[in-house]
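Enquirer: Have a look at this one before I ask anything.
The values are calculated or read from the model by the stated rules, or taken from the named source; none is laboratory data. Treat the numbers as computed from the prediction; the structure is a model and nothing was measured. Using ideal geometry, Cβ is built from the backbone for each residue, glycine included, and neighbour counts are taken over all protein chains shown. These area figures cover heavy atoms from the full protein model, side chains too; ligands, DNA and RNA do not enter into them. Shrake-Rupley method; radii C 1.70, N 1.55, O 1.52, S 1.80 Å.
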Amino acid sequence: MQATEQAVRQIVQEVLTQLSSNGTSGNSTARSNGVSGNWGVFNDVDQAVAAAQQGFEQLSEAPMADRAKAIDIVKTMCDEQAEELGRLELEETKIGRLDHKIAKLHVIKSVPGIESLTTEAVSGDRGLTVTEHAPFGVIGAITPVTHSLPTLAANFVNMVAAGNTLVVNPHPSGANIASEGVRRFNKAIYDATGLQNLVTIIGTPTIESAQAIFDHRGIRLLVVTGGPGVARAALGSPKRAIVAGPGNPPVVVDATADIDNAARSIIAGAAFDNNLLCIGEKEIFAVNEIFDQLMASVGSNGGFRLNAQQVAQFTAKAFGPPKEAGGHHVLNRDFVGKDPAWLASQIGVSVPANTQILFGETDENNPFVPEEQMMPFIPFVRATCTDHAIDLAKKYEHGFGHTAIIHSKDVRTITKMGRIMNTTVFVKNGPSMAGLGLGGEGFPSFSIATPTGEGVTSPMTFTRQRRCAMIEDLRII
Ligand code: NAD
């Protein structure tokens, strides 16, 4: 009896705390398991971190089989509910394409899980030394609007496989779908394993909440996926940060390339989710010899070519002038991730149904070349020779070290460009997504750590090495 009273008192206390807590009070009906917050959704960073810390402690005590089950739940949900969740993401963010929003959720099932964690052992006369890969604890994750739920889900799989839990500050324009995912994941994981709050999220995120996560003593590691501003902020933080920063992937096409394959690949990569992907083809440098043939092939494989006057009109709508002399042209955010037909209609042009991208010839000074446009208009620049094309690619990748693509059958040219570009992802003779295992070998991730060098992230990225040495004993050979 006394025990029951105590349990009731504890629950009442938790409800009162909940009601008085910042922002979560309206959601108390959705909590059903004594877990504070709404299945992991909080408006207060301290509470979100505290809940993820409890989740981490619980996960640390749980068998590996429960970790595997939690990951399997997230993968299965993303796969089976891809259509509904993809639609919700598109409705909220209003950028990208439904078919590709759905495809990006199906991809989560290919993100590696606990099977990718390794243990290394060395044995000899002096005994046995084992190196294991341990978790950090609670990770602070900042996610982009371009793939709100896919980034969160892939981060979950990678980080939880390694034994961590995570607190997510999503982009404000994709916060509802990210929170919906967190609620669904946490509830299903709790029902299946009893584990709670393996992921928590700030339901109404702001730059201030992101900064509070950066500064929080309970956060052991930051993982930031986003553009230049947030990448800079993370690199300036005293905490260790894994930064998946911006890209501006150039494509080189030389005279030896299979031109139709190059055209189809450029279209497939640049059209994917209306060119929101950081690895997506953003500008093309093609040698003069094959330039016109390439343009014709792009036109007959789903591209709609704008003439010089239309390119000038469109550029003036898509970019404002730089704020200061020599500065960046200001991207019109209303154009980001929009369909080609809508973009063309902004300059009074109507395009055939099923147009995948808009494209046109520009010089290197057109803002579409230096800027990361994140929309399906692709500038094609004439290069005098292959070296010229590679030089331009190097210049306009801006040293991000993110992604570059080449279409060529000359292995020396491919090798040369690979060395010069020094990018994290380098794709030859295929669409950019092939670098993430979509049509190429290898595994996917939505966080490609570029300035900090971890590359395409996987569970091992989120581990600390721990060495355990036994002297003399345990060597059995
Ligand atoms: P964004 O930089 O506007 O926002 C990303 C996240 O950072 C959001 O959650 C946002 O709220 C937060 N944020 C922005 N400025 C901040 C600051 N000063 N302090 C703290 N938080 C801040 O980017 P976006 O439009 O959401 O996403 C597109 C960008 O992300 C592109 O540049 C793209 O290349 C990049 N990206 C990179 C990868 C990768 O794996 N390298 C993956 C996806 C997107």
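Enquirer: On the full set of protein chains, 1.4 Å probe, figure out the accessible area of F214 and give it in Å² to the nearest 10.
Expert: Per-residue accessible area (F214): approximately 10 Å².
Enquirer: For the chain, what does -39500 (n - 2.57) per DSSP helix run (n ≥ 4), summed and divided by total residues, give at 222 nm, in deg cm²/dmol to the nearest 500?
Expert: Helices in the chain give a 222 nm mean residue ellipticity of -12500 deg cm²/dmol.
Enquirer: To the nearest 20 debye, what charge dipole does the chain have about its Cα centre, counting +1 at the Cβ of each Lys and Arg and -1 at the Cβ of each Asp and Glu?
Expert: Rounded to the nearest 20 debye, it is 440 debye.
Enquirer: Among 178-186, 419-427, 322-330, how do they line up from the highest to the lowest mean number of other beta-carbon atoms within 10 Å?
Expert: Peptide ranking by packing, descending: 178-186, 419-427, 322-330.
Enquirer: Please compute the alpha carbon radius of gyration of the range 348-477, then divide it by the globular-protein estimate 2.2 N^0.38 Å. Two decimals is fine.
Expert: It is 1.49.
Enquirer: Using only Cα atoms, tell me the angle between helix 259-271 and the longest principal axis of the chain; keep it within 0 to 90° and round to the nearest 10.
Expert: That works out to roughly 50 degrees.
Enquirer: Considering the convex hull of the alpha carbon atoms of the chain, report its projected area averaged over all viewing directions, in nm², one decimal.
Expert: 27.7
Enquirer: A follow-up question, please. Report, by chain and number, residues whose modeled amide H sits under 5 Å from the one on V330, excluding near sequence neighbours (fewer than 5 apart, same chain).
Expert: So V330 has HN proximity to G320.
Enquirer: Hey, what do the phi angles of the range 224-239 turn into as Karplus ³J(HN,Hα) couplings, whole Hz, using 6.51/-1.76/1.60 and θ = phi - 60°, x for Gly and Pro?
Expert: 10, 10, x, x, x, x, 6, 4, 4, 4, 5, 5, x, 7, x, 7
Enquirer: Follow-up question, since we're still on this one. Once all Cα-Cα distances of the range 259-305 are split into 5 Å bins that start at 0, what whole-number percent is in each one?
Expert: Calculated P(r), rounded to whole percents: 5, 24, 30, 26, 12, 4, 0.
Enquirer: Still on this structure, I have one more. Show me 278-290, 453-465 ranked by packing, highest mean number of other Cβ atoms within 10 Å first.
Expert: Highest to lowest by the protection proxy: 278-290, 453-465.
Enquirer: I've got another one for you. Suppose we keep just the alpha-carbon trace of the range 250-442; what are its Rg and Dmax in angstrom?
Expert: Radius of gyration, then largest Cα-Cα span, for the range 250-442: 15.4, 45 Å.
Enquirer: Taking the 0 to 90 degree range and rounding to the nearest ten, how far is the long axis of helix 148-161 tilted relative to the main principal axis of the chain, both from C-alpha atoms?
Expert: 50
Enquirer: Less than 12 Å Cβ to Cβ from I259, Lys/Arg counted +1 and Asp/Glu -1: what total charge do the surrounding residues give?
Expert: Charge balance near I259 sits at -3.
Enquirer: By how many degrees, 0 to 90 and rounded to 10, does the Cα axis of helix 288-300 deviate from the longest principal axis of the chain?
Expert: Approximately 70 degrees, to the nearest 10.
Enquirer: Ok, one more. Ranked from highest to lowest mean number of other Cβ atoms within 10 Å per residue, what is the order of the peptides 305-315, 266-276, 95-105?
Expert: Ranking, from highest mean packing down: 266-276, 95-105, 305-315.
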